[in-house]
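The structure appears below as structure tokens.
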Amino acid sequence: MFKKVLVANRGEIAVRIIRACQERGIRTVAVFSDADRTALHVRYADEAYHIGPPAARESYLRGDKLIDVARQAGADAIHPGYGFLAENAGFAAAVRDADIAFIGPSPEAIEAMGDKITARERVTQAGVPLVPGTPRHLRDADLAAAAAQLGYPILVKASAGGGGKGMRTVADPADLESGLAAARREALAAFGDDSVYLEKAIEAARHVEIQILADRHGHCIHLGERECSIQRRHQKLVEECPSVAVDAALREQMGAVAVAAAQAVNYESAGTIEFLLDKNGQFYFLEMNTRLQVEHPVTELVTGVDIVKEMIRIADGRQLRIRQEDVHMKGWAIECRITAEDPENNFMPASGKIVALREPTGPGIRVESGIYEGFEVSLFYDPMIAKLIAYGETRAEAILRMRRALKEYRIAGLKTSIPFHMALMDSPRFQWGQFDTRFLESHTAPPLAAAQEHERLAAIVAAMLHHERGLRNIAISHGVEGEQGQSTWRRSALLTGMRALL
Amino acid sequence: MFKKVLVANRGEIAVRIIRACQERGIRTVAVFSDADRTALHVRYADEAYHIGPPAARESYLRGDKLIDVARQAGADAIHPGYGFLAENAGFAAAVRDADIAFIGPSPEAIEAMGDKITARERVTQAGVPLVPGTPRHLRDADLAAAAAQLGYPILVKASAGGGGKGMRTVADPADLESGLAAARREALAAFGDDSVYLEKAIEAARHVEIQILADRHGHCIHLGERECSIQRRHQKLVEECPSVAVDAALREQMGAVAVAAAQAVNYESAGTIEFLLDKNGQFYFLEMNTRLQVEHPVTELVTGVDIVKEMIRIADGRQLRIRQEDVHMKGWAIECRITAEDPENNFMPASGKIVALREPTGPGIRVESGIYEGFEVSLFYDPMIAKLIAYGETRAEAILRMRRALKEYRIAGLKTSIPFHMALMDSPRFQWGQFDTRFLESHTAPPLAAAQEHERLAAIVAAMLHHERGLRNIAISHGVEGEQGQSTWRRSALLTGMRALL
Amino acid sequence: MKYQTQIDHKTYQIEIEDTGALSIDGQAIAADLLQVGPLGLYSLLMDNASVELVVEETQQGYRVTLGSRTFDVRVADERELRLSGGRAALAAPTGVMTIKAPIPGLVVRVLVRAGEEIVEKQPLVILEAMKMENELRAPRSGVITAVNIKPGESVEQGAALLVLE
Amino acid sequence: MKYQTQIDHKTYQIEIEDTGALSIDGQAIAADLLQVGPLGLYSLLMDNASVELVVEETQQGYRVTLGSRTFDVRVADERELRLSGGRAALAAPTGVMTIKAPIPGLVVRVLVRAGEEIVEKQPLVILEAMKMENELRAPRSGVITAVNIKPGESVEQGAALLVLE
């Protein structure tokens, strides 16, 4: 087994990987930019190396530096996490050339699946169903002709893309030109490549994906599906396992197709096959993510398999520990991505210092977090600062636990997506499982809880603090300084409150 | 279903029960003494009522006040948690007389099992095996004669006791007199009753208990066993589910006996039958705890059943939702009781303000906590301030997760049992599962990790802080103020560290 | 002491006596407020209802978060009310206001011209950041008096984009 | 600047230059120390090893907790060392010391008499609290000069039980 793993990432996923290594007795090496010296992943690792300025292209995207650090630290493996260099075939190849194990698939598999056109060609030969679409590199005029043939609505997608960047739905032929231009502009900015292609838009479709595990000895299994239809601008916000839209028969069918897709590129490690699932139970290959997925914890909770530890075992050349028939799904798990974004202001990215933090705990609650009280959230990196995962015997229990946990969560100092998630958990359509990928377009502003009484409380508290400040002209007395309960409020309130009791 | 539940307790268990109610859509009422105005259970509940001074006998033990509050708040049920009034039959009867549901067993069942002699009589008629022993209320001379007949070593136990208080092992007839005196003194202080009795000491015995659930419609099931042999002075410190000493056949046998014991007193609600299990697989009834147990989470993780929610359903008169054949045990869970005690100084109780707190999170970790940063831990209540529970596919994974989580736990400001737990998780005998209830007597001081390098680091850090304070004569620069990384140490260290990289 | 507090367009009259007795719009309530933890987290018991709030001080007053909602509260005491003749003390901010970039990014589109009259929440600028397009909206109604940016320009966080009067 | 630090009976020589360069017992190391969070939690990188520590200031110096161990560290700088002639600055505390009750409780047994010579860690008093018996041990060797309590007495937290010289 590996002696020391370098984690080429930051934030919650770096912490997640460090924990998996510690639970296998493997030493860990963190890397950090100037913005992350005190980040949790640095403090949880056994060793930590500085790799450059905050901008990712000068630090976390510098494969050369990462390999240098791995050599210097004597690491025998690198785990890339997700994002950054996780799906960079060149980096995976450079790691291999440096005689260091890459905890992920081969460069060849990354490359085959990273190029969407190649990916479609490879999997279609394995019998995987595709959404009808065009080749890439067509000129706008040819795309327009193809669009007419496929039929509207149509989806414009970046050839080099991922994560919904550069993606556009066009419902009307008249909007195709502007849609193509916008998609090309975003694609160029995001990937340095403005090539786009078209796909027929599947209406009322769900985004359902299959988690697979494959070793280098020819064994490949799937761990069931994840439902990821709650998206905003093609960015997933909430995921669950299993999906209300998938029964045992469909799971088996989609699982078999996912395994075939992975085997089409001789896949090794954990990976995810994303599908569109229409309301008739037809499903279409979207893409394969050749890496650990943000939402992997929901699968872990329902199957009991620690996916990160399995990736480490596989990279060490071991055979898969479990067979398909050993995979049993039990209970229900839901994940909310906690992002530094303001849901009341169009999900504007937020930055600032976290002045107060309390994470929920208790039964059925798992938190994967990269933040702490005092941490400065910058705009250099992805706005996802934590993940909250609730597990229950049933979907209803998972939703109720999630509500309870969201209510306990306290992040002060910057706006987060928590109010969005609270509103979503209260949404009857979400509770009934009636949604598709366009749910948030048609339900953009789930009503926030009626807050007449809350407004009144806010008014009272502000007046009390103003009064206390004015009267004493000193800092507000802190309940936690000295004895609990030292405040004029306390004494008066207790007098009032006690009268009825004693 | 109940509309509003009063939680007649404090600390982590009050928070646990509040969460269960919230996850069922039931409103919650907390009660608090002067010491607990800002405690988590007060903040997590929908309503909170002050009930008196810090001393428990003037607040949490005042059944009359609790019932008054329940009436005033319009609560239709009371959950007593564990400790305080949980096993007080008089309180359960008073609650019933006030036409409020008691979320627990009937006063009759509490009374029958609360008196150990009555309990032994009742269960023995149901065919439950007992450790050979004496009646209570014997004079010392009669006890000495009985002891000679039973054979040494012998156990002296308080008639009214529980939790190991007033308990003594006597190996030599010469020590019997002083042992009886000490046990009577402790029993008198703890229970106001100095009556004691004797039992044959079972050597190399494990403490294994069975969790049961019973409704008022005659259904009673068990949820498997818990291993609680890691004890100090008869106080449990670590519990697990399942037990390495119990196989499926023994589990079925013990489970059937536990169900028979519960049915002997027409038991309703969750309850626990404690057994001594000797090395030959013989087991003996110890006592029944007629309440929720501290260590219930390990059973919840392994069976997937939320025991607190089941108690609420049962008290509401519902039928058991699960049959014996629906209970499946999967994986392994271990709980460490985090107490405010100094394990390096004979577990001396500690008090003080928690100046820094970070609770572990991540895969397989559950924290049940009653503390927060700024909380004042007093000596008024039980020293247990939190519970850390680790779940894994196997016992090895659970132990490794527990080690990882203990390493992440930060509680500054007072001594806790965390170093004890870290040493225990590193102990090969614990890892191999080779222990009985006397493990900590024979292994009183599990060696703390060799800390030569740590001592050197502590010396360096102290010198650096002393230097910084002396040089600038100002407060130590905080990494979290302003930009991350504002310190002379930072700059110099980065210069040093970077040289090798760039 | 009497206080007038305002949240959006709603006003509350709150009176706090020297004894600590408190009333809101004439209704007496028992309120117990304590800070918990080192920072702006408070526990409020109001007539035995238990609520946890986060309070941050702002230039205009207090920002109070409870449950999933955040309220900006302005407070004026008796003296301030007398000096300003009642409600005026809590009137919405008027005068010149600079619209700043809340995040660094690329200006993709400018949706208003100098001299244009705008209404509260109207989209003003599309800023691309984190590879996503973000819409800046008007914090209040008024007239745009200056536009300091054009499409294609990169702006730093806090850069003055527009002036609103 | 040169420092001498002592933990139990072991002494370390630490030198910190104006440039921030640091050495311990003559060996140069790269050390980066930052406070994280509002209270005494620190992150140390020493030659790239990452360690988290809790540091509390005590009367005698610093109490440093890392991993499962707590260390009481005394530090003297050059000036203090010169003034006291080397090691003496860090000598163990001597003189009169009052042994106080760390918890309130009932005195069950007093295991020493006035005039008795005792050694470090020897049990002195059995105090019953939380219905459990707790043993108080000697913080250092010396002679008991006064016993202020007797069995059966209840004592408050902080009560002076014994005097050690």
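Bear in mind these aren't lab numbers, they're just calculated from the coordinates by the rules spelled out. The shown structure was predicted, so the numbers you read here are calculated from the model rather than taken from an experiment. Here the Cβ is made from the backbone with ideal geometry for all residues, glycine too, and neighbour counts use every protein chain on show.
Some observations on this one:
- When the convex hull of its Cα atoms is projected in every direction, mean area for chain B (nm²): 27.6
- Under 5 Å between amide hydrogens, built in the peptide plane, is the criterion, and for A:GLY52 it picks out A:ASP34 among residues at least 5 positions away or on other chains.
- Semi-axes of the equivalent ellipsoid for the stretch B:206-449, computed as √(5λ) from the eigenvalues of its C-alpha gyration tensor and ordered from largest down, come to 30, 21, 17 Å.
- Cα-centred dipole magnitude for the stretch B:1-126, charges only on beta-carbon of K, R (+1) and D, E (-1), debye, nearest 20: 320
- Mean shadow area of the stretch A:264-316, taken as a quarter of the surface of its Cα convex hull (nm²): 4.7
- Dipole of the protein assembly as shown [Lys/Arg +1, Asp/Glu -1 at C-beta], most positive-end residue of A:TYR60, A:THR169, A:VAL305: A:TYR60
- Translational diffusion coefficient of the stretch A:132-200 (Stokes-Einstein, Kirkwood radius from Cα pairs, 20 °C, 1.002 mPa s): 188 µm²/s.
- With an a/c value of 1.5 or above and a/b larger than b/c for the gyration tensor axes a ≥ b ≥ c computed over the alpha-carbon atoms, the stretch A:65-200 is described as prolate.
- Chain lengthening between B:VAL244 and B:GLU177 when straightened (0.36 nm per residue, less Cα-Cα): 20.4 nm
- The Cα trace of chain D gives Rg and Dmax of 20.2, 61 Å, the first to one decimal, the second as a whole number.
- Nonlocal amide H pairs with D:ILE118, under 5 Å, H built at 1.01 Å: D:GLY142, D:VAL143, D:ILE144
- Using C-alpha pairs under 8 Å with a sequence gap of at least 6, the mean separation divided by the residue count of chain C gives a relative contact order of 16 percent.
- Each label was represented as a point 7 Å from its Cα along the Cα-to-Cβ direction; for B:ARG469 and A:ALA98 these points are 4.2 nm apart.
- Tensor-based shape of the stretch A:287-334 (alpha-carbon gyration tensor, a/c under 1.5 rounded, otherwise prolate or oblate): oblate
- Pseudo-label separations to other copies for B:ASP426 - Cα-to-Cβ vector, 7 Å, nm: 5.0
- Set A:LYS65/A:LYS165; A:LYS4/B:LYS415; D:LYS2/D:LYS121; A:LYS407/C:LYS10; A:LYS387/B:LYS309 screened for pairs whose C-alpha atoms are more than 30 Å apart: A:LYS4/B:LYS415; D:LYS2/D:LYS121
- Most tightly packed first, judged by the mean number of other beta-carbon atoms within 10 Å of their residues, the peptides A:60-67, A:362-369, B:114-121 read A:362-369, A:60-67, B:114-121.
- Annotation for B:ARG57 and C:ILE29: the two label points, set 7 Å from Cα along the Cα-Cβ direction, are 3.9 nm apart.
- Relative to the other identical copies, A:LYS279 shows label-point distances of 7.0 nm, where the label point lies 7 Å from Cα along the Cβ direction and values run shortest first.
- The stretch B:4-103: Cα Rg divided by the 2.2 N^0.38 Å rule of thumb: 0.93
- Computed extension gain for A:ASN346 through A:SER427, at 0.36 nm per residue and net of the alpha carbon distance, reaches 27.3 nm.
- Toward the positive end of the charge dipole of the protein assembly as shown, with +1 on the Cβ of Lys and Arg and -1 on the Cβ of Asp and Glu, the farthest Cα among B:ILE26, B:PRO129, B:SER369 is that of B:SER369.
- Working from label points 7 Å from Cα in the Cα-to-Cβ sense, the D:THR98 to B:ALA204 distance is 5.3 nm.
- For the segment A:16-28, counting C-beta atoms of other chains within 10 Å of every residue's C-beta and taking the mean gives 4.
- Here's the list of lysines a cross-link from B:LYS330 could span, going by alpha-carbon distance under 16 Å and ignoring same-chain residues fewer than 8 apart: A:LYS330.
- Whole-Hz couplings from phi, Karplus 6.51/-1.76/1.60, listed for the stretch B:145-160; x for Gly and Pro: 5, 5, 4, 4, 6, 5, x, 7, x, 10, 10, 9, 10, 6, 4, 8
- The stretch A:206-449 - percent relative contact order, Cα under 8 Å, separation 6 or more: 20
- Residue-wise HN-Hα couplings along the stretch B:279-289, as the Karplus relation 6.51 cos²θ - 1.76 cosθ + 1.60 with θ = phi - 60° gives them from phi, are 5, 9, x, 7, 10, 9, 4, 9, 6, 10, 8 Hz; Gly and Pro carry x.
- Lys, Arg +1 and Asp, Glu -1 on Cβ, resulting dipole of the stretch A:176-302 about Cα centre, debye, nearest 20: 160
- The protein assembly as shown: radius of gyration and largest Cα-Cα distance (Dmax), Å: 32.8, 108
- Near the amide H of A:ALA77, within less than 5 Å, lie the amide hydrogens of A:LYS4, A:LEU6, A:ALA101, all on another chain or at least 5 residues away, with H placed in the peptide plane.
- Sorted shortest first, the distances from the A:ALA248 label point to those of the same residue in the other copies are 2.0 nm; each point sits 7 Å from Cα along Cα-to-Cβ.
- Computed over the stretch A:173-247, the Cα gyration tensor eigenvalues convert (square root of 5λ each) into semi-axes of 31, 19, 12 Å, ordered from largest to smallest.
- Taking Lys and Arg as +1 and Asp and Glu as -1, the other residues whose beta-carbon sits under 9 Å from that of A:PHE275 total -2.
- Taking chain A and dividing mean pair separation by its residue count, relative contact order in percent (alpha carbons under 8 Å, at least six apart): 13
- The order of B:ASP382, C:ASP72, going from fewest to most other C-beta atoms within 10 Å of their C-beta, is C:ASP72, B:ASP382.
- Inter-part distance where the stretch B:285-320 and the stretch B:43-67 are each reduced to a Cα centre, Å: 24
- Exposure proxy order (Cβ contacts within 10 Å, fewest to most) of D:SER23, C:SER141, A:SER229: C:SER141, D:SER23, A:SER229
- Hypothetical label at A:ASP193: residues of the stretch A:262-306 whose amide nitrogen lies under 19 Å (7 Å Cα-Cβ projection): A:265, A:274, A:286-291
- Phi-derived couplings, Karplus 6.51 cos²θ - 1.76 cosθ + 1.60 at θ = phi - 60°, listed residue by residue for the stretch A:31-40: 10, 8, 8, 4, 6, 10, 3, 9, 5, 4 Hz, with x used for Gly and Pro.
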